[in-house]
Amino acid sequence: MPAPGENLRINGERLWDSLMEMAKIGPGVAGGNNRQTLTDEDAEGRALFRKWCEDAGCEMGVDQIGNMFATRPGTDPDAAPVYVGSHLDTQPTGGKYDGVLGVLGGLEVVRTLNDLGIKTRHPIVVVNWTNEEGTRFAPAMLASGVFAGKHQLDWAYDRVDAKGLKFGDELERIGWKGEEKVGDRRIHALFELHIEQGPILEAEGKDIGVVTHGQGLRWIECTITGKDSHTGSTPMHMRKNAGRGLALVTELVHEIAMKHQPNAVGAIGHIDVYPNSRNVIPGKVVFTIDFRSPDPAKLHAMEAELYERAPGICEEIGVTFEHTISGQFEPPAFDEGCVNTIREAAERLGYSHMDIVSGAGHDACWINDVAPTAMVMCPCVDGLSHHEAEEISPEWARAGTDVLFHAVVETAEIVE
Ligand code: HGY
Ligand code: MN
Ligand code: MN
């Protein structure tokens with residue numbers, strides 16, 4: 001397929017304006033965003049995205065789990081579309097670019113094609129995947145996971161948030177539960193643009209990350225049970241302190257991850273303490289361990305060591321340890337053809353680039369199991385993400401979206 005001319009570039013100012021416009025919806029308290037999935041803010045962001053897509057001549061489809069698909073027709077209606085996009089939902093203390101750059105970068109591809117009057121043989125579909133973050137409703141990448149056949153729709157509908165609200169009810173409440181069967185779409189190829197969410201590209205002075213692989217992930221939800229009792233009058237030798245169990249397992253998770261260096265990470269980000277009262281010894285603690293590695297053997301070894309050691313550590317202090325898996329996927333290797341298309345586009349456009357493994361999980365990791373998929377990354381300042389101070393430069397946004405444009409348009413085949 002002929003590659004687009006190197007002079008073809010997106011409109012960086014328009015892209016940046018759209019990013020700043022979307023960032024006004026669900027503002028955080030420190031300059032970032034709190035636009036969690038299936039909240040009123042998410043609904044507002046979806047409505048704005050739908051308006052922009054329809055203004056760009058796209059037809060919007062919505063499936064039964066709220067995934068949004070904006071289609072720009074191709075000249076061959078029988079050709080499977082090229083998909084491009086990411087997610088609009090954010091962490092509670094999220095940044096303005098995580099996910100959003102990939103969705104609005106996809107929209108910018110369409111807007112630029114319209115400006116240039118370019119037709120493609122394959123249709124192009126800009127996608128917003130529901131609940132990529134998994135922060136309000138675990139697991140992460142929930143809707144792209146249902147699309148790829150990893151989770152059942154009803155199981156997803158039954159996921160509950162910290163207030164006991166159900167995913168399916170909240171999707172209905174915000175009015176974004178579509179009719180279309182989830183997964184009922186042919187994908188010729190999918191490209192996702194995302195900020196790196198790590199420090200490598202900035203440190204190496206590279207504009208573009210050509211993502212060859214991703215990390216595998218285990219979200220292990222643990223429950224440590226002791227006995228709540230008075231913090232003042234219960235003698236130390238009689239205590240069954242679940243809070244101590246949490247402290248010991250937190251240190252164990254860190255020790256296990258350090259033991260498997262390089263390319264292994266582990267931490268606990270979600271913790272619920274019961275009854276969470278200043279003068280009651282915690283009787284129960286529920287928390288989620290996040291283990292990741294691009295090496296399947298390391299990922300499995302970290303998981304096995306936790307199960308082997310945590311129960312005994314807890315037993316020694318008189319509390320019990322139980323666990324369930326609340327999210328998991330194996331390390332993905334992206335499609336070589338799509339990865340080469342991205343690398344060649346960066347080269348053609350004169351952007352510095354390097355191959356990279358994604359530290360974070362993305363919807364592309366699931367779609368990679370059902371269609372040829374690859375990712376483009378741009379740097380972010382100090383590698384900071386999942387933080388309101390997340391920042392990128394307009395130049396990085398433009399470079400990443402130029403490469404995305406070339407990869408998508410080349411794969412969708414320009415029709416002269
Ligand atoms: O958890 C992740 O890696 C993604 O940012 N949701
Ligand atoms: Mn993301
Ligand atoms: Mn994220």
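The values are calculated or read from the model by the stated rules, or taken from the named source; none is laboratory data. Keep in mind the model is a prediction, meaning the values are calculated, not measured. No Cβ is skipped: glycine too gets one built from the backbone with ideal geometry, and neighbour counts run over all protein chains shown. Remember, those area values only see protein heavy atoms, side chains included, never the ligands or the DNA or RNA. Shrake-Rupley method; radii C 1.70, N 1.55, O 1.52, S 1.80 Å.
Under a plain spin-label model, where a point goes 7 Å from the Cα along Cα-to-Cβ, how far apart in nm are ARG14 and SER393?
Computed distance between label sites ARG14 and SER393 equals 2.4 nm.
Report the charge-dipole magnitude of the chain in Debye, nearest 20, computed about the Cα centre from +1 at each Lys and Arg Cβ and -1 at each Asp and Glu Cβ.
Working: 37 positive and 64 negative charges, 212 e Å.
That gives a dipole near 1020 debye.
At a probe size of 1.4 Å, how large is the accessible area of VAL415, to the nearest 10 Å²?
Rounded to the nearest 10, that gives 60 Å².
Hand me the trypsin sites (Lys or Arg not before Pro) from segment 230-289 located in a DSSP loop with no more than 14 other Cβ atoms within 10 Å, in residue order please. Provide the component values of the computation, followed by the final result.
On the way: sites: ARG239, LYS240, ARG244, LYS259, ARG278, LYS284; in loops: ARG239, ARG278.
Those satisfying the criteria are ARG278.
For the chain, just give the cysteines left without a disulfide-compatible partner, judged by no other Cys Cβ under 4.7 Å.
CYS222, CYS314, CYS338, CYS365, CYS378, CYS380
If each residue of separation counts as 0.36 nm, what is the full-extension length gain between ALA203 and ALA30 once their alpha-carbon separation is subtracted?
On the way: separation 173, 0.36 × 173 = 62.28 nm, distance 2.54 nm.
My answer for the length gained is 59.7 nm.
Over 23 Å between Cα atoms: which of LYS24/LYS166; LYS51/LYS96; LYS24/LYS51; LYS96/LYS206; LYS150/LYS181 fall into that group?
Over 23 Å Cα-Cα: LYS24/LYS166.
From the Cα gyration tensor of segment 321-411, with a ≥ b ≥ c the square roots of its eigenvalues, which class applies: rounded if a/c is under 1.5, or else prolate if a/b is larger than b/c, or else oblate? Don't jump to the answer; show the numbers that get you there.
Numbers: a/c = 2.73, a/b = 1.33, b/c = 2.05.
It comes out oblate by the Cα gyration axes.
Scan around HIS270 for amide H atoms under 5 Å from its own, H built in the peptide plane at 1.01 Å from N, and keep only partners 5 or more places away or cross-chain.
THR288
Between GLY61 and residues 5 or more places away or on another chain, which pairs have amide H atoms under 5 Å apart, with H built 1.01 Å from N, and which residues are they?
PHE69, ALA70, THR71
On alpha carbon coordinates alone, what is the Rg over Rh value for the chain, Rh being the Kirkwood radius?
Taking Rh as the inverse mean 1/r over Cα pairs, Rg/Rh reads 1.01.
Could you check the simple spin-label distance between HIS237 and ILE325, using points 7 Å along Cα→Cβ, in nm with one decimal?
Result for the modelled spin labels: 4.3 nm.
Take the alpha carbon atoms of segment 378-401, find their center, do the same for segment 179-229, and report the distance between the two centers in whole angstrom.
16
With a 1.4 Å probe and all protein chains left in place, how much of the accessible area of the chain comes from carbon and sulfur atoms, in whole percent?
On the way: 8490 of 16930 Å².
Carbon-and-sulfur percentage of accessible area, whole number: 50.
Using only DSSP helix segments of four residues or longer, with each worth -39500 (n - 2.57), what per-residue ellipticity at 222 nm results for the chain after dividing by its residue count and rounding to 500? Before the final figure, lay out the partial values.
Values: 12 runs with 145 residues, N = 416.
Dividing the helical sum by the residues of the chain leaves -11000 deg cm²/dmol.
With every protein chain in place, what's the accessible area of ILE220 (1.4 Å probe, Å², nearest 10)?
Near enough 0 Å² of accessible area.
Relative contact order for the chain using alpha-carbon pairs under 8 Å, separation at least 6, rounded to a whole percent?
Across the chain, relative contact order equals 25 percent.
Among the DSSP beta bridges whose two residues both lie in the chain, what percent are antiparallel, rounded to the nearest 5?
70
³J(HN,Hα) across segment 280-288 via Karplus (A = 6.51, B = -1.76, C = 1.60, θ = phi - 60°), whole Hz, x for Gly/Pro?
10, 5, x, x, 8, 10, 10, 8, 10
For segment 188-333, what is the accessible area per residue in Å² when the probe is 1.4 Å? Could the numbers behind the result be given before it?
Working: 6940 Å² over 146 residues.
I get 48 Å² per residue for this part.
Between LYS166 and LYS51, take the C-beta separation as r, use R0 = 30 Å, and let me know the FRET efficiency to the nearest 0.05.
0.60
Could you run the Karplus curve 6.51 cos²θ - 1.76 cosθ + 1.60 with θ = phi - 60° over segment 320-331 and give me ³J(HN,Hα) per residue in whole Hz, x for Gly and Pro?
10, 10, 10, 8, 9, 8, 10, x, 6, 7, 7, x
Between HIS270 and LYS227, 0.36 nm times their residue separation minus their Cα-Cα distance comes to what?
13.4 nm
Would you work out which of GLY245, HIS386, THR341 lies farthest towards the positive end of the dipole of the chain, given +1 charges on the beta-carbon of Lys and Arg and -1 on that of Asp and Glu, about the Cα centre?
GLY245
Give the relative contact order (percent, whole number) for segment 136-201; include only Cα pairs under 8 Å separated by 6+ residues.
Once divided by the residue count of segment 136-201, the mean separation gives 25 percent.
In what sequence, largest accessible area first, do HIS237, HIS87 appear using a 1.4 Å probe?
Putting HIS237, HIS87 in descending order of accessible area: HIS237, HIS87.
I'd like the Karplus ³J(HN,Hα) series for segment 373-380: coefficients 6.51, -1.76, 1.60, θ = phi - 60°, whole numbers in Hz, and an x wherever there's a Gly or Pro.
Calculated HN-Hα couplings, in order: 9, 7, 10, 10, 10, 10, x, 9 Hz.
Report the label-to-label distance for ALA80 and ASP335 in nanometres (one decimal), using points 7 Å from each Cα along the Cα→Cβ vector.
Placing both labels 7 Å along Cα→Cβ, they lie 0.7 nm apart.
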